[in-house]
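Taking it in order: structure first as structure tokens, then the write-up.
The values are calculated or read from the model by the stated rules, or taken from the named source; none is laboratory data. Keep in mind it's a predicted model, so treat the numbers as computed, not measured. Cβ: placed from backbone, ideal geometry, glycine included. Neighbour counts: every protein chain shown. Keep in mind that these areas ignore ligands, DNA and RNA; they rest on the heavy atoms of the full protein, side chains included. Shrake-Rupley method; radii C 1.70, N 1.55, O 1.52, S 1.80 Å.
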Amino acid sequence: MDERNYQHSYENGSTQPPKNHGGVIAVVLCSVIFLCGILSALGLWNRIGQNNNTSSGNVNFSNTDNSTHTSIPATSMPGASAPDPENQMQMQLQPVPGQVDNVPQAGGLGLQEIYEKNIPSVVSIICTLSGGSSSGTGVVLSENGYLVTNAHVVSGALEIQVLLTDGRTLAAHLVGADSLSDLAVLYVNAQDLIPAQFGDSTQLRVGDAVVAIGDPLGVSLRGTMTDGIVSAINRDVETNGRTMTLIQTNAALNSGNSGGPLINCHGQVIGINTMKIGTFADDAGVEGLGFAIPSAAVKEIVDQLISQGFVSGRPSLGLEGEWVSSFNQQFRRIPAGLYITSTPEHPLIRAKDILMYIDGVRVTGQEELNTALYAHQAGDTVTLILYRDGRQYSAEITLTEAGK
């Protein structure tokens, strides 16, 4: 391009010639270099000051080089000295100025006295089941080996062990159990037990102070005592197909407390703990709602269990069996129900039949069976639906008295 064309192009574009920015860049670089020099000088001055402080006996613990910080032993610190071995001290514990009993109710015993009086009479119960184990609490009834607990604690047990407060573990024999009242009597071969003192539950009032002793959540927490009051008396509670008249309390109860004592302020057992309502209310549970079988009802049931091994008037099918597991339901393609292993003489019922219904009530477990049975009395006739070889058929049977 010649000079004329260049001039023509320039005049048609920008009216100013291109600027040269080299001078600006040089000024910026000089400014950066100057600032870095100032910062370096300040850092050098700071290090000189730190060295002077260290040399004068002052220790600076700041970690300026991001290296691992190592603590300095006290004996190596300037000016520190080790204690004189002949002048060492010992921490002193002062005696408590008189133990004060916690008396829950005027005229009653202190909580400490109640515990000391009753703990030798409280036992731990450990059951071996076909599919694992279970545990609960029991109360000594007599010096010669009789104990009371809940029937559901020992239900289905193949072996029962009783752990005493003195550390002994004894094998227990089931004397009798009554699922309707949820009470059972055990016997151990011992003649030196310390029986609990039972009080009359009919004299209870709402507001009376009570405590519970037992093994909440298992043997690992055995001998735990909780306190509260009688929240209600003669409370009708329906569970497992039956209605029970119970003492309501706000003393903390958990699953392992089942079968343990509810004790009044005089140290007397006035109930046998049986359930916590939170178990049946919802998944979140409810606090402060526990229940116990009144001692007046306990005496009536226990006396019959000891004397005859059963409670008079309880209806029974007279059948023995085991519940069909979910495994057998799926892999053997059989329905849920009671797999009969032994039957009374009956023309239509055989061993290996599966009981499915009683008077139209579906039975797949013990709770449903109890619901169906306790709607009747001994001597009533009921209709059963049984399963055999892929077919269902019905049979009528007369209920007998349990234990006979």
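Worth a mention:
- Percent carbon-and-sulfur accessible area, the stretch 176-217, ignoring ligands, DNA and RNA, probe 1.4 Å: 51 percent
- For the pair Ala106 and Leu129, label points projected 7 Å from Cα toward Cβ lie 4.8 nm apart.
- Accessible-area value, Ile306, 1.4 Å probe, nucleic acids and ligands omitted, Å²: 70 Å²
- Magnitude of the charge dipole for the stretch 169-308, about its Cα centre and with charges confined to Cβ atoms of Lys, Arg (+1) and Asp, Glu (-1), is about 120 debye.
- Per atom type, the stretch 314-392 shows carbon and sulfur on 44% of its accessible surface, probed at 1.4 Å.
- Loop-resident GluC sites (Glu not before Pro) (DSSP state other than H, G, I, E or B) in the stretch 327-404 with no more than 12 further Cβ atoms inside 10 Å of their Cβ: Glu345.
- 1.4 Å probe accessible area per residue over the stretch 105-166, in Å²: 41 Å²
- Potential extension, Glu300-Asn144 segment - 0.36 nm per residue separation minus Cα distance: 54.2 nm
- The mean accessible area for residues of the stretch 304-359, using a 1.4 Å probe and ignoring ligands and nucleic acids, is 59 Å² per residue.
- The residues of the stretch 206-248 have, on average, 44 Å² of accessible surface per residue, using a 1.4 Å probe with all protein chains present.
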